[in-house]
Every structure is written in C-alpha cells, then in structure tokens.
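Here is the structure we will look at, set down as structure tokens.
The values are calculated or read from the model by the stated rules, or taken from the named source; none is laboratory data. Note that this is a predicted model, so its numbers are computed, not measured. Note that each Cβ is placed from the backbone with ideal geometry, even for glycine, and that neighbours are counted across all protein chains shown. The protein model used for the area step is the full one, side chains on, heavy atoms only, and it has no ligands, DNA or RNA in it. Shrake-Rupley method; radii C 1.70, N 1.55, O 1.52, S 1.80 Å.
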Amino acid sequence: LKEGEGDYTLDAPIEIGSGAIYDPVKARLSEIIQKMNDLFEGELSDADLLNFATHIRDKMLENPVLQQQAQSNTKEQFALGDFRKAMMTAVVSAMSNHQSMGKQVLSNERVREGFASVVLDIVYEALRASDTGSTSRASGT
C-alpha cells in the first residue's frame, strides 16, 4: 500500500479463535456462571444461577455495615469481617421473600393478575428485543 491509501486502523482486540469482540461484562458473567455451575446441583439454568447471585448481592448491598467495611478495608480484610454472616442472612431473607411472594401469587387472584401484568411486560419486551427468538416461536406456532 502506498501512503494515503488503505485503512491503517487497528481492530478491537478479540478472543482467540472467537472472531468476536471481547466483552468484559459477558466474560465476567460467564465466569460467574461457571463458578456457580461447579457449586450447585440440579437442573439450573444460567438465568437461575445469575439471578440467585444477583439477588443475594443486592440484599447484601443494603447492609450499611458491609458498606462501611468495604470502604475501609481491602477485599481480603472485608472477607474476614461481617461478610459471611451477612451473606447467610441474605440467603435466608431471599428464600423467605421468594416463598412469601410465590405463595401470594398462587393464592391471591389480585396479586396473580397484577404480577402477570408486570411479568408480561418485561418478558414480552425482552423477547422482542432479543435476537434469539424466532418468528414462529414468538407467534406461538
């Protein structure tokens, strides 16, 4: 090529052999799913695993003691503080909350219909936005 001809820009880094642009968020989620798959038994989808971890994380983020400890310590020191106790409290709370909400959906028509409306919106929007759904599946045929 002569100077002034052609494109001299570099492409974004890609994973070896993938042909795709490296996405650090997807890589982190994939790492979490792999670790969770190694820990838990049963027929659990990637969504089940991620949602569980995310729910526990969100419950723990509400804890002001953990907030203070995270700001004041290294990750190693943070792990030695109230982290494990708070994690177990979050797991118990999540189980209790989900069980309570599930019972309400199953036993109360008003809650069931309201929840169906909420879930209808978020599922429909997600499926319409995804590239994985096919027209025949989306139309119910």
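May I ask for the percentage of alpha-carbon pairs in region 25-94 that lie more than 17 Å from each other? Of the Cα pairs, 52 percent sit more than 17 Å apart.
Near H55, within a Cβ-to-Cβ distance under 13 Å, what is the net charge of the other residues, with Lys and Arg +1 and Asp and Glu -1?
-1
With an 8 Å Cα cut-off and a minimum separation of 6 or more residues, compute the relative contact order for region 30-141 in percent.
Details: 33 pairs, mean separation 18.2, N = 112.
That works out to 16 percent.
Roll a 1.4 angstrom probe over the protein heavy atoms and tell me the percent of accessible area of region 17-94 that is carbon or sulfur.
Values: 3430 of 5960 Å².
About 58 percent, which is the carbon plus sulfur part of the accessible surface.
Could you provide, to the nearest whole Å², the per residue accessible area of region 23-141 with probe 1.4 Å? Please list the in-between numbers first.
Details: 9670 Å² over 119 residues.
Heavy-atom SASA per residue in region 23-141 reads 81 Å².
If you sort the three axes of the alpha carbon gyration tensor as a ≥ b ≥ c, you get a/c of 1.5 or more for region 38-136 and a/b above b/c, which makes it prolate.
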